[in-house]
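Report on one structure; see the data block that follows.
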């Protein structure tokens with residue numbers, strides 16, 4: 001489900017349009033999350049991936065991860081921006097993979 005203009009985070013980092021390298025978990029990462037609305041994340045040495053989206057619930061913003069398999073869209077709660085560490089994103093990818101594998105007909 002990744003989109004062409006959506007930033008890709010691979011090997012725990014990505015390059016901004018300005019050429020700045022941002023590492024997941026760094027102060028620059030958390031500052032970037034304040035203005036970001038979505039990104040694609042792929043763990044190291046894995047074909048798994050998720051698309052993270054910031055969604056407003058009530059008066060706060062929370063992040064959710066999504067992955068599609070066939071016609072079924074699976075999601076997992078990621079948390080608030082300050083909770084989006086590399087470990088949390090890796091765990092979410094594993095959770096989504098598990099959901100997909102539990103789908104009938106997989």
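Some notes on this structure:
- For region 71-88, a residue qualifies if it is in contact (Cβ under 8 Å) with a residue 24 or more places away in the chain and either within 14 Å of residue 26 (Cα to Cα) or out of contact with any strand residue (DSSP E or B) (no Cβ under 7 Å at 6 or more places or on another chain) (or both), and the qualifying residues are 72, 81, 82, 84, 85, 86.
- Single residue of region 14-25 satisfying the filter (modelled with pLDDT of 95 or more and in contact with a strand residue (DSSP E or B) (Cβ under 9 Å, 6 or more places away or on another chain)) that is nearest to residue 54 (Cα to Cα): 24
- Complete set of residues in region 49-65 that are in contact (Cβ under 8 Å) with a residue 12 or more places away in the chain, in contact with a strand residue (DSSP E or B) (Cβ under 8 Å, 6 or more places away or on another chain) and surrounded by fewer than 17 Cβ atoms within 10 Å (Cβ to Cβ): 61, 62
- Looking only at residues of region 22-48 that are exposed (fewer than 13 other Cβ atoms within 10 Å of the Cβ) and under 13 Å from residue 81 (Cβ atoms), we find that the one that is nearest to the chain's Cα centre (by Cα) is 37.
- Restricted to strands (runs of 3 or more DSSP E) entirely inside region 1-72, those with at least 2 residues that are within 18 Å of residue 93 (Cβ to Cβ) are 8-10, 13-15, 38-42, 50-57, 60-69.
The values are calculated or read from the model by the stated rules, or taken from the named source; none is laboratory data. Note that this is a predicted model, so its numbers are computed, not measured. Virtual Cβ from ideal backbone geometry, glycine too; neighbours counted across all protein chains shown.
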